[in-house]
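In what follows, a single structure is set out as structure tokens and then discussed.
Rule-based calculations on the coordinates, nothing more; no lab input. Computed from a prediction, not measured in an experiment: that's the story for all the values here. Don't worry about glycine lacking a Cβ; one is built from the backbone with ideal geometry, like all the others, and counts go over all protein chains shown.
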Amino acid sequence: MNHAAWVPQNEEGKEVAPVMIDGTSYLPVKSVIEATGGQVEWDEEKKTIVIKSTGIHFSKREENILQKMEDIKRAIAPGMTQEEVREALDVDLQPVSDNGDVEDGSDSFSGANIFAVPGYKSDLPGHIIDKEGLLNEQLGIDLFIAWKEGQLNFYSLAYVNPVDDQVYLYILRRNGFEEDRPV
């Protein structure tokens with residue numbers, strides 16, 4: 001670390017060696033992240049590791065966007081009714097008539113432009129990510145929800161990741177599978 005030799009250690013100070021399996025190196029995440037100033041936590045509900053970095057500083061707008069995304073992720077889940085979702089979210093959900101190529105049995109769609117500049121309206125169909133609006137800070141989060149028989153089937157959140165300034169798409173599918181990747 002910082003041009004000096006470093007050996008990862010666990011909480012007791014014992015050395016934790018990297019592992020190589022089938023040609024892929026695996027590092028002890030907790031040791032590496034904590035050595036670089038971050039924190040590692042276990043999310044029991046989602047059965048995932050949460051990495052929090054203290055070395056990256058975000059603007060107030062970026063913090064608000066990331067916090068709103070976390071709020072949405074905690075508030076809604078597949079299987080909730082439209083009424084439950086509307087009550088859980090503090091956003092103006094609008095019907096989306098063009099669903100593009102969604103072929104998973106969804107029968108209706110909603111969307112919202114969160115943290116949009118007053119008066120901003122995208123000319124794109126509701127299912128298309130407004131990359132330009134996101135990158136130009138005309139909106140903060142592009143929310144798209146697919147419904148099936150009145151229940152949340154899946155949803156996506158498009159946003160600019162402040163770490164690399166790329167547009168990302170977070171998706172939570174009906175089966176609970178999550179992905180968050182650049183688009």
Fill in: Residues whose placed amide H lies under 5 Å from that of F154, excluding near-sequence neighbours
A146
Practice prompt. Report which label in (1) 1.07; (2) 1.33; (3) 1.05 holds the value of Rg/Rh (Cα atoms, Kirkwood Rh) derived from the coordinates of this structure.
Written response: (3)
Item to complete: Among H57, A88, A75, pick out the residue whose Cα is farthest towards the positive end of the charge dipole of segment 27-99, where Lys and Arg carry +1 and Asp and Glu carry -1 on C-beta, about the Cα centre.
Response: H57
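Ranking D130, D180 by Cβ neighbours within 10 Å, fewest first, what do you get? It would help to have the intermediate numbers written out before the result.
Working: D130 20, D180 14.
So the residues, fewest neighbours to most, are D180, D130.
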Response to the item:
For the pair I51 and E179, the simple spin-label estimate (label points 7 Å beyond Cα toward Cβ) gives in nm 1.9
Worksheet item: How much length is gained if the chain between Q151 and E41 is pulled fully straight, taking 0.36 nm per residue apart and subtracting their Cα-Cα distance, in nm to one decimal?
Response: 36.5 nm
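Set the bar at 29 Å for Cα to Cα. Now go through K52/K131; K14/K68; K47/K68; K68/K131; K14/K73; K14/K47 and name every pair that lies beyond it.
Details: K52/K131 26 Å; K14/K68 39 Å; K47/K68 21 Å; K68/K131 19 Å; K14/K73 36 Å; K14/K47 26 Å.
Beyond 29 Å: K14/K68; K14/K73.
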Worksheet entry | Given the chain, longest segment not containing exposed loop trypsin sites (Lys or Arg not before Pro) (DSSP; at most 16 other Cβ within 10 Å) | 48-120
Response to the item:
Magnitude of the Cβ-charge dipole (Lys and Arg +1, Asp and Glu -1) of segment 60-182 about the Cα centre, nearest 20 debye, reported as 180
Worksheet item: If you line up the long axis of helix 60-75 against the longest principal axis of the chain, both from Cα atoms, how many degrees apart are they, to the nearest 10?
Response: 80
